[in-house]
Amino acid sequence: MSDVSPHLESYTPQAERAALEDLRTRLRATRWPDAPEDAGWALGTDITYLRELVAYWADGFDWAAQEAALARLPRFRTRLGGLGVHFVHARAVAPTGSVLPLVLSHGWPDSFWRYSKVVPLLTDPGAHGVDPADAFDVVVPDMPGYGYSDRPAGPPLDSIAVAGLWAELMSALGYDRFGAAGGDIGSHVSRYLALDHPDRVVAVHRMDGGLPVRTVDPAELAPEEREWFDEVADWGGSEGAYGAIHRTKPQTAAVGLTDSPAGLAAWIVEKLRAWSDCNGHVERSFTKDEILTNITLYWLTGTIGSSMRMYHANAAIPPGQLSRRVEVPSGFSLFRGDIVRPPRAWLERTANVVYLNEPARGGHFAPFEEPELYAEELRAFFRPYRAPAMD
């Protein structure tokens, strides 16, 4: 068991002036690469757009205002597994007997930022025209190596280990039974919470079903599953270079991304555009301030390298773990603009599916892109599991 401290410290970080001045100096001194004419986003990040973003980051972006906005969320730190873990813990504004504790797990390239818009919608539904009985107590931790949580000095933690830490965190907060939800890597963390703690997780909601696990005999696959396997392989060939680097040589990329804020922005904004439901125009899903808040969190905490190393850890998870079936009631919201969406046949092969919906808007970062839609998905899925959670 990890050492859980019962002491929860209120936490409101504030960037030092020197760190912000250093950031602006580096941005203004960016050494720009050449690019073919009219390359746009075809070869990676559009340099013309990146120049615009970097200029605004250096001389227009108000980090203090964004930091103050994030500080309105109730944030804490505690120790789990010998690491300092930062988390949001927002209680239901008008608690009733049906309040359900819910732990939300983020992915890459983000942090607790992914859920910053949706927290008030979940904790105070009455203020947003929704039945107050649908309120949640919400817990949003930064995974170790992300955001304001500590970076592991030793081997990176995989999704199984992080799920174990979240179970301990929920115990430390006094929640015996709770719901779990997540997307991207957070989907895997939520899955292992349900697999390893089925007596505590009343239901689990995910935005994806994970990538195909090739431990299944291809002859057993339905046609739509085989088609999906091929789609994922094609996507990996054209879009998966970042993942191959993260899994195999994360430290090589980390040198440049930790040293150059423009390089860091290029690495992250390309994914925000490619994975969101923006029709190729990233600012249809995120404002410049929202993009730069996410990137600045990575910059100030120095966590791009440690976040990438989690891919290396997850790549070493044994196939037997990947092929386990989730028996806890499972819900899936497959947003229209997300990547490589699995067919129902695969979801039912790997989980006890009791809810499946395909919202018409939103992508990989749906809690941030479409917070109202995402909140409604969680309310609809978890509604039947509220009373049992409080027994």
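Only the coordinates and a few stated rules stand behind these numbers; no lab work does. Since the model is a prediction, treat every value here as computed from it, not as a measurement. No Cβ is skipped: glycine too gets one built from the backbone with ideal geometry, and neighbour counts run over all protein chains shown.
Here are some notes:
- Each eigenvalue of the Cα gyration tensor of segment 211-341, multiplied by 5 and square-rooted, gives one semi-axis; in descending order these are 30, 20, 14 Å.
- Förster radius 41 Å - calculated FRET efficiency between ARG91 and ALA345 (Cβ-Cβ, nearest 0.05): 0.55
- Centre-to-centre separation between the Cα atoms of segment 259-279 and those of segment 176-217: 27 Å.
- Eigenvalues of the alpha-carbon gyration tensor of segment 58-102, scaled by 5 and square-rooted, set the equivalent ellipsoid semi-axes at 28, 19, 7 angstrom, largest first.
- For the chain, size of Cβ-based charge dipole, Lys and Arg +1, Asp and Glu -1, in debye: 720
- P(r) histogram, all alpha-carbon pairs of the chain included - 20 Å bins from 0, percent: 28, 60, 12, 0
- The longest part of the chain holding none of the exposed loop GluC sites (Glu not before Pro), meaning those outside H, G, I, E and B in DSSP with at most 13 other Cβ atoms within 10 Å, is 38-391.
- For segment 173-239, the set of trypsin sites (Lys or Arg not before Pro) satisfying both a DSSP loop assignment and a count of at most 12 other C-beta atoms within 10 Å is given as ARG214.
- Three-way shape call for segment 1-117 based on the alpha-carbon gyration tensor, with the a/c threshold at 1.5: prolate
- In whole angstrom, segment 135-187 maps to an equivalent ellipsoid with semi-axes of 21, 12, 11, each derived as √(5λ) from the alpha carbon gyration tensor and ordered largest first.
- Compared with the alpha-carbon gap, the fully stretched path from ASN357 to VAL213 is longer by 49.6 nm at 0.36 nm per residue.
- Farthest toward positive dipole pole in segment 3-98 [+1 Lys/Arg, -1 Asp/Glu at C-beta], among PRO13, LEU27, THR45: PRO13
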